[in-house]
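The values are calculated or read from the model by the stated rules, or taken from the named source; none is laboratory data. What you see is a predicted model; the values in this text were computed from it and never measured. Using ideal geometry, Cβ is built from the backbone for each residue, glycine included, and neighbour counts are taken over all protein chains shown.
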Amino acid sequence: MPEFASVKRTPLNAAHRRLGAKMINFSGWEMPVQYSGILDEHHAVRRSVGVFDVSHMGEIEIRGPEALTLVQYVTANDAARLEPGAAQYSALLNENGGFVDDIIVHKVAQDHYFLCVNAANQEKDYDYIRTANCFVATVEFISGRYAQLAIQGPSALSTLRKLTAADLSLIRRYHFLDREIIGVPARIARTGYTGEDGFELYIPSESAEVVWDRILDAGQEFGIKPCGLGARNTLRLEAAMALYGHEINDFITPFEANLGWIVKMNKGEFLGRRALARQLEEGVQRKLAGFQMRGRSIARDSYKVMVNGREVGWVTSGGPSPTLNRNIGLCYLPPEFAVLGQLVTVAVRDHLAEAEIVPTPFYKREK
Amino acid sequence: MYPENFRYTKEHEWVRMEGDTGTVGITFHAQKELGDIVYVDLPKPGQHVEQGKTLGSVESVKAVSDIYAPVSGEVLEINELLADAPEKLNQDPHGEGWLIKIRLSDPRELEQLMTASEYQAYLGAEG
């Protein structure tokens, strides 16, 4: 993005500045990368609760008698399995089976679906869905109307329940309710990107600041921290959740990214299906694998990965794991090397460092 | 904030002179920009470093950054404390979080560095 392009701001921009956040440009959005520090914020989410402004994420609404038909055609997962109030992780795929985006599909009603999409992809996604729409359905780009807040951590439920009459404990994982939070209409989804229990709220932009402030107040007794994109990234990496532009992109398919479970080949025709069927027959050329560094070197995105002195893959995300106190990462490797216990070499700037392929997720919360 | 007896680089390192030995570190501003520091990669004693060239790197949670030598010379000592407590770089960048000691090969190089007030003006201009 050229520097002169106008930077987009969320409705909480001023609130972040008042909290002393360090702001960065994240794919055209001015976003908080940290407040008190990435480690501090990371531990707050693992141990109690943190709140994130993720209003840069996009929202697209699909409505009409054939809304389901359109959703089924443009996404890989089976939206017919959703009841109203349920959500699923899914993907928009191109004709080669590569990711246009990874998304969450919420079923609001029989004729009404609400898609949460990545900030950097939202315009692309909207065009993609609109172009594919030859059904009796409308596609609306509604990102501007919504702020999105993520309340994550073992004390997320205790924090948020103070602000609503809704019984949040009844919302199961990957389900949502439309209820008021401090009198503000909210879509309350039990979803997240941290590997912890928690909620994502979709609220009208104009109410973002009052809700944000009240969440910080309500969470004070649990030691709530406002959290930035830095902690969001370390948390999702420990949980081995894909980040668009890193683990997944236009050239990577769900089977390669260990996301075969979001592809339902038998649900009927959908975009990308033909290429995926071919890949199922031929097998994948590369596979996403988790690794742990054996020494103190830290692998970072795009470092080369080698086996027996030959370059065989690349790091998609890497860094220190604050919870596990080890240096971890994800990488693409030919399937024969993407096996537990395999030793690989990572080219870390000026030296070579050994790493071992380990199970993912690196971190799994106790239920 | 920035000690008067230090000299500073545009890359946010500092050097403090005692005789012909310079103690080198990164500035308060540098550690703040880097965020939580988790690992420091330093040269070995006896190695020669050259002004403006990479002498090592600092890994924060988020990224890795090069450290540039503010002066040329031989590395006399490295701060062993940082191996187990890299967070000292965040907590006390101008004191306990020093990186290495160098015997300067050309003390005239110091003239190219900024004084505390020049560095502060530079930070102001940098934004």
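So which helices (runs of 4 or more DSSP H) stay within segment B:10-94 end to end and still have 1 or more residues that are touching a Gly at 6+ places or on another chain (Cβ under 6 Å)?
Once the helices (runs of 4 or more DSSP H) in segment B:10-94 are filtered for at least 1 residues that are touching a Gly at 6+ places or on another chain (Cβ under 6 Å), what remains is B:88-91.
I'm trying to understand the selection: among the residues of segment B:10-48, which are more than 14 Å from chain A (Cβ to nearest Cβ), crowded, with 21+ Cβ neighbours inside 10 Å and over 9 Å from the mean Cα position of the chain (by Cα)?
The one that is more than 14 Å from chain A (Cβ to nearest Cβ), crowded, with 21+ Cβ neighbours inside 10 Å and over 9 Å from the mean Cα position of the chain (by Cα): B:GLY22.
Tell me which of these B:PRO70 doesn't satisfy, since it passes every other one: (1) more than 14 Å from chain A (Cβ to nearest Cβ); (2) without any contact (Cβ under 8 Å) to a residue 40 or more places away in the chain.
All conditions pass for B:PRO70, except number (2).
So the check is Cβ under 6 Å with 6+ separation or different chains; which pairs have a first residue in segment B:114-127 that's at positive phi and a second one that's modelled with pLDDT under 95 and not in a helix (DSSP H, G or I)?
none
For segment B:73-88, what are the residues that are over 22 Å from B:VAL49 (Cα atoms) and either among the charged types (D, E, K, R) or facing chain A (nearest Cβ under 9 Å) (or both)?
Scanning segment B:73-88 gives B:ASP84, B:GLU87, B:LYS88.
Please find, among A:GLU269, A:GLU311, the residue that is part of a loop (DSSP other than H, G, I, E, B) and either free of Cβ contacts under 8 Å to residues at least 40 places away in the same chain or over 24 Å from the mean Cα position of the chain (by Cα) (or both).
Going through A:GLU269, A:GLU311 in turn, the sole match is A:GLU269.
Could you pull out the residue among A:ALA166, A:ALA240, A:ALA208 that is surrounded by fewer than 19 Cβ atoms within 10 Å (Cβ to Cβ) and of a type outside the set (Phe, Trp, Tyr)?
Of the residues listed, the single one that is surrounded by fewer than 19 Cβ atoms within 10 Å (Cβ to Cβ) and of a type outside the set (Phe, Trp, Tyr) is A:ALA166.
For residues in segment B:108-117 being loosely packed, with under 13 Cβ neighbours inside 10 Å and not polar (S, T, N, Q), which is farthest from B:VAL75 (Cα to Cα)?
Here the answer is B:GLU111.
I'm checking my understanding of the structure. Among residues of segment A:319-338 that are in contact (Cβ under 8 Å) with a residue 60 or more places away in the chain and within 14 Å of chain B (Cβ to nearest Cβ), which one is farthest from the chain's Cα centre (by Cα)?
This residue is A:LEU324.
Under 30 Å from A:GLU282 (Cβ atoms) and modelled with pLDDT of 95 or more: which single residue out of A:VAL108, A:VAL74, A:VAL54 fits that description?
A:VAL74
Taking A:ASP350, is it surrounded by 12 or more Cβ atoms within 10 Å (Cβ to Cβ) and within 14 Å of chain B (Cβ to nearest Cβ)?
no
Would you check if A:ASN118 is of a type in the set (S, T, N, Q) and within 18 Å of the chain's Cα centre (by Cα)?
yes
Just one of the numbered conditions (1) over 30 Å from A:GLY144 (Cα atoms); (2) more than 14 Å from chain B (Cβ to nearest Cβ) is not true of A:ARG296; which one?
Going through (1) over 30 Å from A:GLY144 (Cα atoms); (2) more than 14 Å from chain B (Cβ to nearest Cβ) one by one, A:ARG296 breaks only (2).
Could you look through segment A:169-187, keep only residues that are farther than 21 Å from A:ARG46 by Cα, without any contact (Cβ under 8 Å) to a residue 60 or more places away in the chain and out of contact with any helix residue (DSSP H, G or I) (no Cβ under 7 Å at 6 or more places or on another chain), and pick out the one that is surrounded by the most Cβ atoms within 10 Å (Cβ to Cβ)?
A:ALA186
Has segment A:26-33 got at least one residue that is modelled with pLDDT under 95, within 14 Å of another protein chain (Cβ to nearest Cβ) and surrounded by 15 or more Cβ atoms within 10 Å (Cβ to Cβ)?
yes
Can you name the residue in segment A:36-56 that is buried (at least 24 other Cβ atoms within 10 Å of the Cβ) and acidic (Asp, Glu) and, of all such residues, is farthest from the other protein chains (Cβ to nearest Cβ)?
Only one residue fits best here, namely A:ASP53.
Residue check, B:ARG7 against (1) surrounded by 22 or more Cβ atoms within 10 Å (Cβ to Cβ); (2) under 28 Å from A:ASP301 (Cβ atoms), all met but one. Which one?
(2)
Quick one: what pairs do we get from segment A:75-96, first residue within 15 Å of A:PHE255 (Cβ to Cβ), second among the basic types (Lys, Arg) and surrounded by fewer than 24 Cβ atoms within 10 Å (Cβ to Cβ), C-beta under 6 Å, 6+ apart or different chains?
So the pair list comes out as A:ASN77/A:LYS264.
Name the residues in segment A:285-300 that are under 17 Å from A:ASN249 (Cα atoms) and crowded, with 18+ Cβ neighbours inside 10 Å, would you?
A:ARG286, A:LYS287, A:LEU288, A:ALA289
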